[in-house]
Amino acid sequence: MDTSVARKTNVPDFATAYYLLEGLNEIGVDYLFCNFGTDHAPIIDEMAHRRKRGEPMPGVVRCPHENTAAHMAAGYALVTGRGQGVLVHVDVGTANTANGMHNLFRSRLPVLLMAGKAPFTVNDELVGSRDTYVHFVQEPFDQASLVRPYLKWEWTLPSGVVVKEALRRAYSIMQSEPRGPVYLMMQRETLTQHWTADEIRRYSADRFAATSGGGADPKLIAALAERLLKAEHPILITGYAGRNEHASRAIDALAQFAGIAVYEANVTNNISHDSPCFVGFSADEAVPDTDVGLLVDVDVPWFPSDVQPKDNAFWAHIDIDTLKPGSPMWTFPGNMRMQGDSGRILDQLLEELKAKATPRFAEAAAARLKRIKAARDKRIARAAQLAADKGKPGAINPHYLAAELAKLLDDEDMIFNESVTNAPAVLMQIPRRLPNTTVRAGGGGLGWSGGTALGAKLAAPNRLAVQICGDGSFYFGNPSSIFAVAQQYKLPILSVVMDNTGWKAVKESTLRVFPEGEAKSANAFEANLAPDVHFAKVGEAFGAYAEEVSDPADVPAALARCVKEVRGGRAALLHARITRL
Ligand SMILES: Cc1ncc(C[n+]2csc(CCOP(=O)(O)OP(=O)(O)O)c2C)c(N)n1
Ligand SMILES: [Mg+2]
């Protein structure tokens with residue numbers, strides 16, 4: 001039945017799915033990362049319809065697995081700052097994105113997740129009624145509950161007449177700070193409803209803005225500047241300020257002016273690793289001595305089980321998300337908390353400090369910079385020493401492997417570091433100058449680096465996107481889906497698999513809790529995976545260039561061949577046999 005027949009008007013008349021695609025284009029969704037099912041028949045038909053009419057709509061990237069789709073949206077948002085659409089199949093497809101939604105939510109990355117819902121009519125009352133077995137079994141009571149812990153907003157589209165308003169609302173919420181996932185569900189009968197073009201209102205970006213982070217109360221800034229003027233051991237710890245270039249520069253400028261040691265804690269890189277104030281990825285040695293500490297955009301500045309700050313230290317917490325409402329527990333100190341744009345707040349702080357700085361302060365800051373340089377030099381020497389040991393055949397040293405890769409990368413190239421227990425080696429051996437170019441997931445759901453690299457590559461075709469993962473993480477990432485997308489959409493990424501034949505993190509965790517336990521006595525950590533696998537063949541099955549390397553002497557040439565292939569337009573995979581767990 002075509003409901004448009006009933007309408008006697010000259011105004012054009014289209015299905016809701018037609019306006020959905022138009023609305024997505026209007027809110028600035030460039031891509032839909034899709035895994036389709038029966039729920040999408042109206043959307044698929046309108047995609048063809050809009051294409052036939054030459055009308056704009058987002059590009060469609062079909063992903064064999066939803067994990068790829070969700071993480072491609074993550075990579076794209078990471079590079080552009082803009083959330084994209086992920087379109088999946090009812091409850092089952094939504095369930096397959098849960099790991100991705102966890103990672104996006106914890107990384108504060110926007111995404112508009114969309115899924116169909118089983119049709120609500122069963123007797124062909126409306127276009128799109130139930131017509132197949134799965135429609136009767138794919139309707140849970142609470143579909144959104146599958147991803148609700150990771151959502152800022154959810155809704156089921158009640159009628160096509162509000163489709164553009166719903167999309168604008170979804171977009172404003174996902175793009176407002178702190179950013180994150182939103183979820184829109186749609187039934188087939190809603191998507192096939194017809195509406196005339198003048199019944200569908202437009203909701204433009206200039207009238208319906210998203211909320212951004214602001215500066216801080218000048219009184220708090222003045223009080224913090226007073227503290228810093230008197231500080232003897234100030235430090236700054238940051239986890240994700242580097243998602244914003246301005247904040248990265250502001251941290252460096254403040255640190256150099258005031259002689260503050262800067263540490264990074266997960267998520268991304270935030271300050272040039274060439275900065276004289278950058279001292280590494282663990283503040284454990286410095287925290288107990290700190291008298292004035294700055295926590296800037298950070299989730300986990302240290303592990304309280306390892307280190308405790310002084311009782312009388314003063315901690316200022318500057319964060320786009322000071323409250324961490326997504327976490328039942330958040331334990332880190334903040335004698336003063338300022339929620340907002342960390343770049344703007346640190347600019348305010350530096351201005352205030354400059355106005356108040358005395359010669360004595362300048363002298364003390366200069367003395368601190370000398371101490372910081374000594375700590376830096378020590379760290380750099382230690383990194384070189386670790387990389388000098390190449391390992392043995394079948395047991396390549398990850399430090400050496402990462403250091404060799406570093407030689408082949410440009411400043412703009414992007415690393416997605418999912419090498420788990422070897423992540424510190426990758427961080428240490430591949431120093432970066434530009435912020436947000438070495439990313440670790442804000443979340444803990446493994447299997448993210450391949451999809452994220454693909455999404456980043458789509459957003460930044462001229463930059464190399466490198467996935468470095470453990471063998472366990474490689475499996476989690478559904479690699480056949482990753483390489484299929486790389487081939488189909490010509491998205492050449494480099495995948496380096498650090499294979500230690502299993503889950504070293506699981507073994508280490510057991511040893512941390514039970515250093516002398518039964519598992520240790522029996523040398524049974526339930527961590528070994530199949531030892532004789534050939535990951536290169538997975539890449540080759542999808543036309544990627546692939547190599548296996550186990551002799552350290554072969555590492556530089558193997559890496560160079562892989563990088564050359566990727567820069568030439570073909571995905572490449574290097575399966576490296578590193579020191580076993
Ligand atoms: C989706 C998911 N499942 C399970 C885990 C638990 N987990 C954390 S680290 C790890 C091992 C990862 O293995 P691999 O990538 O080879 O790194 P390695 O520990 O060997 O360095 C596992 C299974 C997780 N974080 N995410
Ligand atoms: Mg492993």
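The values are calculated or read from the model by the stated rules, or taken from the named source; none is laboratory data. Owing to the predicted nature of the structure, the values given are computational and were not obtained by experimental measurement. Cβ placement follows ideal geometry from the backbone for every residue including glycine, while neighbour counts extend to all protein chains displayed. Protein only, heavy atoms only, side chains kept; ligands, DNA and RNA dropped before computing areas. Shrake-Rupley method; radii C 1.70, N 1.55, O 1.52, S 1.80 Å.
Identify, by number, the condition in (1) more than 16 Å from ligand 2 (Cβ to nearest atom); (2) without any contact (Cβ under 8 Å) to a residue 60 or more places away in the chain; (3) among the polar types (S, T, N, Q) that Q487 doesn't meet. Result: Q487 fails condition (2) only.
Filter the range 465-493 down to the residues that are of a type in the set (A, V, I, L, M) and farther than 14 Å from F542 by Cα and list them by number. If the condition is that a residue be of a type in the set (A, V, I, L, M) and farther than 14 Å from F542 by Cα, then A465, V466, I468 are the ones that fit.
Which count do you get for residues in the range 513-542 that are in a helix (DSSP H, G or I) and either within 33 Å of the chain's Cα centre (by Cα) or surrounded by 12 or more Cβ atoms within 10 Å (Cβ to Cβ) (or both)? Working first, answer last.
First pass over the range 513-542, keeping only residues in a helix (DSSP H, G or I): 513, 518-521, 536-541.
From what's left, either within 33 Å of the chain's Cα centre (by Cα) or surrounded by 12 or more Cβ atoms within 10 Å (Cβ to Cβ) (or both): 513, 519-520, 536-541.
Looking only at that region, the number is 9.
Across the range 40-52, not a single residue is classified as surrounded by fewer than 24 Cβ atoms within 10 Å (Cβ to Cβ) and not in a helix (DSSP H, G or I).
Of the residues that make up the range 100-120, is at least one assigned to a loop (DSSP other than H, G, I, E, B), among the β-branched types (V, I, T) and more than 13 Å from T38 (Cα to Cα)?
First, the residues of the range 100-120 that are assigned to a loop (DSSP other than H, G, I, E, B): 107-110, 118-120.
Narrowing the set further to residues that are among the β-branched types (V, I, T) leaves none.
No, the range 100-120 contains no residue that is assigned to a loop (DSSP other than H, G, I, E, B), among the β-branched types (V, I, T) and more than 13 Å from T38 (Cα to Cα).
Checking the stated criteria, G83 turns out not to satisfy the condition of being touching a residue at least 24 places away in the same chain (Cβ under 8 Å), assigned to a helix (DSSP H, G or I) and within 30 Å of D299 (Cβ to Cβ). A Cβ distance below 6 Å, combined with a sequence gap of six or more or placement on separate chains, defines the contacts here; from the range 19-39, residues that are assigned to a loop (DSSP other than H, G, I, E, B) reach residues that are β-branched (V, I, T) in the pairs N35/V88. Would you be able to say whether some residue in the range 469-477 is within 9 Å of ligand 1 (Cβ to nearest atom), surrounded by fewer than 22 Cβ atoms within 10 Å (Cβ to Cβ) and within 18 Å of the chain's Cα centre (by Cα)? For the range 469-477, residues within 9 Å of ligand 1 (Cβ to nearest atom), surrounded by fewer than 22 Cβ atoms within 10 Å (Cβ to Cβ) and within 18 Å of the chain's Cα centre (by Cα): present.
On the given criteria, is N528 of a type in the set (S, T, N, Q), within 12 Å of ligand 1 (Cβ to nearest atom) and more than 20 Å from V426 (Cβ to Cβ)?
Details: of a type in the set (S, T, N, Q): yes; within 12 Å of ligand 1 (Cβ to nearest atom): yes; more than 20 Å from V426 (Cβ to Cβ): yes.
Yes, satisfied.
If you go through the range 490-502 and keep only what is under 17 Å from N417 (Cβ atoms) and either touching a Gly at 6+ places or on another chain (Cβ under 8 Å) or surrounded by fewer than 21 Cβ atoms within 10 Å (Cβ to Cβ) (or both), you end up with I493, S495, V497, M498, D499, N500. All of (1) within 16 Å of ligand 1 (Cβ to nearest atom); (2) in contact with a Leu (Cβ under 9 Å, 6 or more places away or on another chain) hold for E547 with one exception: (1). Of all residues in the range 287-296, those being in a loop (DSSP other than H, G, I, E, B), open to solvent by 10 Å² or more (accessible area, probe 1.4 Å) and not charged (D, E, K, R) number 0.
Residue count for the range 409-458 under the criterion of being near ligand 1 (Cβ under 10 Å from one of its atoms) and either closer than 20 Å to G569 by Cβ or open to solvent by 30 Å² or more (accessible area, probe 1.4 Å) (or both): the result is 4.
Listed here are the residues, each with its yes/no results for (1) over 30 Å from V513 (Cα atoms); (2) open to solvent by 40 Å² or more (accessible area, probe 1.4 Å); (3) assigned to a helix (DSSP H, G or I).
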| residue | (1), (2), (3) |
| --- | --- |
| E285 | no, yes, no |
| V298 | no, no, no |
| W330 | no, yes, no |
| G334 | no, no, no |
| I345 | yes, no, yes |
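I'm checking my understanding of the structure. Among residues of the range 89-122 that are under 13 Å from A73 (Cβ atoms) and among the aliphatic types (A, V, I, L, M), which one is most open to solvent (accessible area, probe 1.4 Å)? That would be L109. Cβ separations smaller than 6 Å between residues 6+ apart or across chains give the following pairs from the range 238-263 residues that are without any contact (Cβ under 8 Å) to a residue 24 or more places away in the chain to residues that are not in a loop (DSSP other than H, G, I, E, B): A255/V262.
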